[in-house]
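Engineer: Let me give you the structure first, and then I'll get to my questions.
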Amino acid sequence: MFDIGFMELLLVSVVGLLVLGPERLPGAIRTASLWMGRLRSSFNKIRSEIEREINVEEIKREIHNDAVMRSLKEAEQDLRDGLSNTPYDIDDIVDDKPTEKSTGSDEK
């Protein structure tokens, strides 16, 4: 997580020893360790919750995409069924059409 080497830790401990003194330094280290543990635990909980939410959103998106694909396939099948009947419908229309045009004498 942090890129802290041995020299940095040694420098922090020497400064802490000079500032706090030998009596209070162990208590300060325990308190800092406790807070770091709590912070790390909270961070891990938040990270796992975010990952879980991302997975839930991804699953919802996949379900929605599946439903859309199913409706598209149904629409495609309906269109294909309608188009397969089209040649017969056109033939029926052509057969019903009169072959000779009527003259104006029949009209009133």
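The values are calculated or read from the model by the stated rules, or taken from the named source; none is laboratory data. As the structure is a computational prediction, the values presented were derived from the model and not from experiment. For neighbour counting, all protein chains shown are included, and Cβ atoms are generated from backbone atoms with ideal geometry for every residue, glycine included.
Engineer: Scan the range 89-108 and give yes if some residue there is out of contact with any Lys or Arg (no Cβ under 9 Å at 6 or more places or on another chain), among the polar types (S, T, N, Q) and at pLDDT 65 or above, otherwise no.
Structural biologist: no
Engineer: May I ask you to list the residues in the range 33-62 that are under 11 Å from the mean Cα position of the chain (by Cα) and of a type in the set (Val, Ile, Thr)?
Structural biologist: 54, 56, 59
Engineer: What are the residue pairs meeting all of these: first residue in the range 64-78, first residue without any contact (Cβ under 8 Å) to a residue 24 or more places away in the chain, second residue among the small types (Gly, Ala, Ser) and part of a helix (DSSP H, G or I), Cβ atoms under 8 Å, and 6 or more apart or on different chains?
Structural biologist: Note: no pairs meet the criteria.
Engineer: Continuing with the same structure: Give the residues of the range 1-38 that are acidic (Asp, Glu) and either assigned to a helix (DSSP H, G or I) or surrounded by 10 or more Cβ atoms within 10 Å (Cβ to Cβ) (or both), sorted by residue number.
Structural biologist: Once the filter is applied, which keeps residues that are acidic (Asp, Glu) and either assigned to a helix (DSSP H, G or I) or surrounded by 10 or more Cβ atoms within 10 Å (Cβ to Cβ) (or both), the range 1-38 yields 8, 23.
Engineer: What residue, of 44, 85, 55, 65, is at pLDDT below 85 and in a helix (DSSP H, G or I)?
Structural biologist: Only one candidate qualifies: 85.
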